[in-house]
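This report concerns only the one structure given below.
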Amino acid sequence: MTTQTVLAAAGEVSGGEEVTFWVLAPLALIGAIGMVWARNAVHSALWLVLTMLCLGVFYVLQAGPFIGMVQIIVYTGAIMMLFLFVLMLVGRDASDSLIETLRGQRIAAVVLGLGFAGLIGTGLHRALGGTAGVGLEQANAEGNVQGIARLLFTKYVFAFELTSALLITAAVGAMVLAHIERRREDRMDQVATMKARFRPGNYPGPKPGPGVFATSSSVATPARLPDGRLSERSTPAILPVRELTAEETSPKGTDR
Amino acid sequence: MTVLLAQDPTLADFGRDPWWLVLGKILFAFVFGLLATLLGVWFERRVVGYMQVRPGPNQVGPFGLLQTLADGLKMAFKEDILPRAADKVVYFFAPVISVVCAVTALSVIPFGPMVSIFGHRTPLQVTDVPVAVLVLLACSSLAVYGVVLGGWASGSTYPLLGGLRSSAQMISYEVAMGLSIVAVFMTAGTMSTSGIVAAQASGTKLSLGGVEVPAPGWYAILLLPSFIIFFIAIVGETNRAPFDLPEAESELVAGFMTEYSSLKFALFMLSEYVAMVTMSAVTTTLFLGGWRAPAPITTVWAGANSGWWPMLWFFGKVLILVFVFVWLRGTLPRLRYDQFMRLGWKVLLPINLTWILILAGLRSIEDWQSRDRLLATAIGAGVLLLATILWPSRQPKPKPTLQEQVDNRPPGSFPLPPLDLQVPPSPRTKRVVAEREPANIAAGSDSREV
């Protein structure tokens, strides 16, 4: 195995490892704090990505290269990407409201959080402070990947298979819930479509484009019908209704 | 043969270099990526030009070699537009992420065997770890962030949709890519890139019914299905034609990089070409024997795999693969998005899983006696054959004739003219055709002009 593994097994900390730790540990903390503090949901997710990347490198430093790489591939590459997809589709302005509903909850949360962190930190330090790692060399004896594979497929094979069955069930369930199959009877043929199109009350022609005969070229400006009325069908439904200011509606003076 | 095997670096050979050698190797990999982009763009334009019977860039420098450099300089002097709705920090970082991920992957590619540089015996590879191939996968999975964030940070709808589209594409094809590497892991027994190259050195001996048959060493031949799926997947992964849906020029303006201009756009271009070269290098390493000379060369020239020569074979193989990329672009039309996704999830993935299952079965009966092994293979093949024959297939309905289609039209349909309608020739078409000499134009020199 590599020199890192040997060093880690001997309980020593090499210079490179120490430098990497002191560079990445603040970054991981900054990522965690930034994730909580960021107003924008996407920024929050990106801070979390930073923390996860740092954690991946920490695993590699601790002589677990496989788990480190898997952390980067699976967590940052796949799971956070799914989060980002959802956040981006929700919209960039979907930030939380900043009105406090419970008075003083922020201060209480900060105090409790710091207290909890201190408790965990001192507890771990006192419990594990002078302990040297044992058995790492045996675990990594035939290689890190091989060691994990041996454990996964012998001792923990039942848990492993059970987890995979659970995940597959979840994936299939999500697909069943989300998939909509249109029945054959519900499909309209050409005749029915045409009849529906020319039914009284339905305008058979194409929708007028936005901004037709209008004073503005904006897509939010509804088109005018031949009789002078505004056609609301011409503007996309997702656009917010906007009142134009007097300055915007007044002639621009470009025709002179 | 022992002399040649001694050239193979093992994992213990890494991490012993002095700092200047490490720096030099990193610089070499980086410069290789940049130069490959400069030459790659030129190469692509020339080759596609040749395939489309036009000259391609031929004005700047000899054979137009400096065209990409001129384009890059022009790009640097263009106005860098920052959209008002853009998220400034993320907008800046997105192309950087793309480039960094593409270049980092080069660090675990073995360019050659152990060589001597200023008295230091060192492998021609920046570094190698026991999980080097996973580092490659991590780089390619992080590269998706560049695309997604670039699309989102532009603050505009079209780049956002383009970004989602291309990231869905990259993630889907990453699955097929990762699964096709599994077969390589199973055969090589290691995840380090130098180990995989070493494992492809000599062909294994397969015994078929007592007869020892030498199998080829290259995994491209030994694991042909994996190789084919891997190559299709990396074409999808690098967003190259015929899978260039993210930036489909004729449909989408430019997908996720619509709002990008100047150097940031240049960075995206750079990352695309570096990724193409990196993926070619990965394919060479995993399936085409890495830096090893192709088979007939080593039989006549024993020293082909030692010293600095392997770099020549390596770059030759990479060049051929890049040519295949360009060839695909010049030949195949772009797929539709649903066709593309169906290919990825419904064709490549099941074939890949079946192939891994078969390979695992073959590997697990390797140690058996030859009679048991033959029996097991025969039973497996028989079950497979029966399943293929007895699989409930949907019988394609016979296509109704034209008359049946006409009869089955619902009431109220458009009236049709009779099917045997003979359109009489129009009286106005009767015209006197003037007799004249047939035009006899010799094929002149200008017919070659394109």
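The values are calculated or read from the model by the stated rules, or taken from the named source; none is laboratory data. The model shown is predicted, which means the values in this text are computed figures rather than measured ones. Counting neighbours? That spans all protein chains shown, and the Cβs are built from the backbone with ideal geometry, glycine included.
General remarks:
- Inspection of the stretch B:106-126 finds no residue satisfying the criterion of being closer than 30 Å to B:W355 by Cβ, facing chain A (nearest Cβ under 9 Å), surrounded by 24 or more Cβ atoms within 10 Å (Cβ to Cβ) and at pLDDT below 90.
- Every pair of residues 6+ apart whose Cβ atoms lie under 6 Å, when the first sits in the stretch B:281-307 and is over 19 Å from B:P9 (Cβ atoms) while the second is at pLDDT 80 or above and not in a loop (DSSP other than H, G, I, E, B): B:T283/B:L321; B:F287/B:Y219; B:F287/B:A220; B:F287/B:F227
- Matching residues in the stretch B:127-159 - criterion: being more than 30 Å from A:G143 (Cβ to Cβ) and crowded, with 22+ Cβ neighbours inside 10 Å: B:Y145, B:G146, B:V147, B:V148, B:L149, B:G150, B:G151, B:W152, B:A153, B:S154, B:P159
- Residue count for the stretch A:89-145, restricted to those that are assigned to a loop (DSSP other than H, G, I, E, B), closer than 30 Å to A:R39 by Cα, at pLDDT below 80 and not basic (K, R): 11.
- Residues that are surrounded by fewer than 10 Cβ atoms within 10 Å (Cβ to Cβ) and among the β-branched types (V, I, T), drawn from the stretch A:158-190: A:V176, A:I180
- Count of residues meeting criterion [within 30 Å of B:T37 (Cα to Cα) and modelled with pLDDT under 75] in the stretch B:205-248: 3
- Applying the criterion of at least 1 residues that are farther than 22 Å from A:G147 by Cα and more than 13 Å from every other protein chain (Cβ to nearest Cβ) to the helices (runs of 4 or more DSSP H) found wholly in the stretch A:14-85 leaves A:15-37, A:41-61.
- Of all residues in the stretch B:36-59, those being charged (D, E, K, R), over 13 Å from B:M276 (Cα atoms) and part of a helix (DSSP H, G or I) number 2.
- Listed by position, the helices (runs of 4 or more DSSP H) contained in the stretch B:335-415 that have at least 2 residues being more than 14 Å from chain A (Cβ to nearest Cβ) and aromatic (F, W, Y) are B:337-342.
- Subset of the stretch B:249-287 that is surrounded by fewer than 19 Cβ atoms within 10 Å (Cβ to Cβ) and closer than 24 Å to B:V324 by Cα - its residue that is modelled with the highest pLDDT: B:A254
- The single condition from (1) of a type in the set (G, A, S); (2) within 14 Å of chain A (Cβ to nearest Cβ); (3) over 25 Å from the mean Cα position of the chain (by Cα); (4) within 29 Å of B:A281 (Cα to Cα) that B:A132 fails is (3).
- Residues in the stretch A:124-157 that are away from chain B (no Cβ under 14 Å), of a type in the set (A, V, I, L, M, F, W, C), surrounded by fewer than 16 Cβ atoms within 10 Å (Cβ to Cβ) and closer than 27 Å to B:V133 by Cα: A:L151, A:L152, A:V157.
- Test: residue in the stretch B:39-62 that is farther than 30 Å from B:V324 by Cα, aromatic (F, W, Y) and touching a residue at least 24 places away in the same chain (Cβ under 8 Å): no
- Across the stretch B:288-331, the qualifying residues are those that are in a helix (DSSP H, G or I) and polar (S, T, N, Q), and the one among them that is modelled with the highest pLDDT is B:T331.
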